[in-house]
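Here is the structure we will look at, set down as structure tokens.
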Amino acid sequence: MTGVLLPVPRPRPLREVAPWLALAFVVWTAGVLVQRSRPVEREVELAGWQRSFRELPESEQRTFRHLREALPELERLRVEAGHWPTLETIRDEGVEPFREDELATPRVWTLRQHGVYASYVGVPVADPAAQRWLVLFIEPSTNEPAPPEDEEHHTRTDGVPVHVTVWSQPNEADAVPDEVLAFPAAQGFLQRVGR
């Protein structure tokens, strides 16, 4: 076993390596294009009258979540009855936060309607630090096509689009007018959003 010489590896010609280099370049380019094609998640800026519900105390966040969860039920009752449900109907159905709940701040709820507007306003009974809540529904007066579903735009089970917003303000603010507020921000309410 003496004197065994191993062949010296010779460099591969470019034509043997070129396909592998081309494949590596194509894979790298595809990766770059995929990364650039992804939408950049930008934080949506809120309007001056909008605030996140997360800036409220935990008990008020709970009320916001219950109101958002109640919207489909209110819309269903609206379709079934042909009009916005009365507070008695809502309580009988056990819809939170309209029913009595030992964890929730006691509120007196009122239904107000005018034309295409309907609102449910909840005013705390005794706690000046609690929030007043207002849920505003706007129904179209014509057969408008339904907009894309999102936090403010719903389509009822009968196919009618409805614009829905949830608002709050401190209970220590001026009294809520006895009318439907088409733009509650004008009376000091803040629209609460889920982002």
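The values are calculated or read from the model by the stated rules, or taken from the named source; none is laboratory data. Fair warning: this is a prediction, and the values are worked out from it, not measured in the lab. Methodologically, a virtual Cβ is constructed for each residue, glycine included, from the backbone with ideal geometry; neighbour enumeration extends over all protein chains shown.
Observations on the model:
- Any hit, region 42-49, residues being surrounded by 10 or more Cβ atoms within 10 Å (Cβ to Cβ), closer than 30 Å to Leu134 by Cα and at pLDDT 85 or above: yes
- Exactly one residue out of Ala118, Ala81 is of a type in the set (Gly, Ala, Ser), touching a helix residue (DSSP H, G or I) at 6+ places or on another chain (Cβ under 9 Å), farther than 16 Å from Thr165 by Cα and at pLDDT 90 or above, and it is Ala81.
Yes/no per residue for (1) in contact with a Ser or Thr (Cβ under 6 Å, 6 or more places away or on another chain); (2) surrounded by fewer than 16 Cβ atoms within 10 Å (Cβ to Cβ); (3) among the polar types (S, T, N, Q):
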site	(1), (2), (3)
His66	no, no, no
Val79	yes, yes, no
Arg91	no, yes, no
Val95	no, no, no
Thr105	no, no, yes
Val116	yes, yes, no
Gly122	no, no, no
Asp127	yes, yes, no
Arg132	no, no, no
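- On inspection, Arg99 qualifies as in contact with a helix residue (DSSP H, G or I) (Cβ under 7 Å, 6 or more places away or on another chain), surrounded by 11 or more Cβ atoms within 10 Å (Cβ to Cβ) and more than 19 Å from Phe137 (Cα to Cα).
- Residues of region 128-154 satisfying the condition of being touching a helix residue (DSSP H, G or I) at 6+ places or on another chain (Cβ under 9 Å) and polar (S, T, N, Q): Gln131
- Residue check: Pro140 meets all listed conditions (1) farther than 26 Å from Gln61 by Cβ; (2) touching a Ser or Thr at 6+ places or on another chain (Cβ under 9 Å) but one, namely (2).
- In region 158-178, the count of residues that are modelled with pLDDT of 85 or more, closer than 18 Å to Arg78 by Cβ and of a type in the set (Ser, Thr, Tyr) is one or more.
- Within region 119-154, tally of residues that are assigned to a strand (DSSP E or B) and of a type in the set (Val, Ile, Thr): 4
- Qualifying positions in region 164-180 - in a strand (DSSP E or B) and under 10 Å from Val121 (Cβ atoms): Trp167
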